[in-house]
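Visitor: Have a look at this one before I ask anything.
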Amino acid sequence: RVLFVEASQDDLQQTLAKLTDNGYLVEYQRVEDSHAMKTALLGEQWDVVLCSYNPPAFGGLEALNLMQSLGIDLPFLFLSHNLREENIIGAIQAGAGDYIFKGSLNRLVPAIEHYLREALIRREHRQMLLDLKENQIRLHALISNLPGMAYQLLETGHGDISFPYISEGCLTLLGIQPQQLQDKPALFLEMLHPADSASYKKAMRVSAHNLTFAYWEGRIRSLPEGEIKWINLRCCPRKMPQGIQWEGMMFN
C-alpha cells in the first residue's frame, strides 16, 4: 500500500511499472497537496510513502515535515529528477529514508524492502514497550493491594545491602516510607528484635550460599513507636553481577 505524493501522472506510472515488474501487487493513492496528504495519512493504513522532490509542486521536505508532525512512522522515500547534493543531504538529515533518481529506479525496490524491514522492527519494539508498560501497571496494581510488603534485597560481596524495590506496604508494615528504607537500608536490621536477629541473618546466609528459598519468622520493632510485630518473610535469591538479590514478601 503506497501513498504517492506526486504531481506527474507519467512519473507515477513509471514508478508503478517498476514495482509491478518486481512482483508487487500495489494498492495506492496519489495526493498533490497538504490537505489531501493529511487526510490520506490519517484515514488509511500505508506501508510506504513515495514522495516527489520536484519544486514548485507540493512534496519534498514540506511533505516529510507534515507526516512527522502527525506522529506517523512510515518509510518515506524521495524520488526526484534532480540529484543535487544539497537536496540529498537535506532530505536524509530531515529523516527521509532514501533519495532515488527517477531516471533510474533500480534502487527503488531494494530500498523499499530495506525500509519495510526497519519499520517492522520499530513497530515490534514499540509494541514490546507498550506490553511491558501494561504488565508493569498490572503488577503494580496487584502488589499495591497485597496485605504486606513486596521487596527486592541486594547484598554485595562485601556484605553491603540495599533495597532496589520496596512496595507501598512498607509504611503499614514497618512504619516508614519506602524511600526512607531505600535511603538507609540498615534500618531494617536495626528493627530486628535482638532475640531474633541471629536467626534472620543465619537464614539469609544459608539462602545466599545455597541459592535456596529463604523462610523466616521473627519479631521486629516497627517505627516510630517501636511496636513489636511478628513478621513472616519469604524470598527467593538469584545471582546478580553485584552480588545476591532476593525478591520476596513480608507479612505481619
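Visitor: What is the set of long-range amide H partners of L192 at a cut-off below 5 Å, with H atoms built 1.01 Å from backbone N?
Guide: R221
Visitor: For D47, D21, write out the residues from largest to smallest accessible area, computed with a 1.4 angstrom probe and no ligands counted.
Guide: Highest to lowest solvent-accessible surface, that is D21, D47.
Visitor: At 1.306 mPa s and 10 °C, plugging the Kirkwood radius over alpha-carbon pairs of the chain into Stokes-Einstein gives what diffusion coefficient in µm²/s?
Guide: It comes out at roughly 68 µm²/s.
Visitor: Where nothing but the Cβ of Lys and Arg (+1) and of Asp and Glu (-1) is charged, how large is the charge dipole of region 75-158 around its Cα centre, in debye to the nearest 20?
Guide: Here the size comes out at about 240 debye.
Visitor: So, how do all the Cα-to-Cα distances of region 111-252 break down into 10 Å bins, in percent, from 0 on up?
Guide: Spelled out per bin, shortest first, that is 11, 35, 28, 12, 8, 5, 2, 0.
Visitor: Let's see if you can work this out: charge +1 on each Lys and Arg Cβ, -1 on each Asp and Glu Cβ, no other charges. What is the dipole magnitude of the chain about its Cα centre, in debye to the nearest 20? Intermediate values should be presented prior to the final figure.
Guide: Details: 23 positive and 29 negative charges, 242 e Å.
Using only the charged Cβ atoms, the result is roughly 1160 debye.
Visitor: Cα atoms only, region 1-42: Rg and Dmax in Å?
Guide: When restricted to the Cα atoms of region 1-42, Rg and Dmax are 10.9, 32 Å.
Visitor: State the percentage of accessible surface on region 96-167 attributable to carbon and sulfur atoms; use a 1.4 Å probe and exclude ligands, DNA and RNA.
Guide: 59
Visitor: Right, here's the next one. Where nothing but the Cβ of Lys and Arg (+1) and of Asp and Glu (-1) is charged, how large is the charge dipole of region 117-220 around its Cα centre, in debye to the nearest 20? Mind showing how you got there, number by number?
Guide: On the way: 11 positive and 11 negative charges, 56 e Å.
Approximately 260 debye in magnitude.
Visitor: Could you report the chain's accessible area per residue, 1.4 Å probe, as an integer in Å²?
Guide: 57
The values are calculated or read from the model by the stated rules, or taken from the named source; none is laboratory data. Predicted model only: the values in this text are computed from it and were never measured. Here Cβ is always computed from backbone atoms with ideal geometry, including for glycine, and neighbour counts include all displayed protein chains. Protein only, heavy atoms only, side chains kept; ligands, DNA and RNA dropped before computing areas. Shrake-Rupley method; radii C 1.70, N 1.55, O 1.52, S 1.80 Å.
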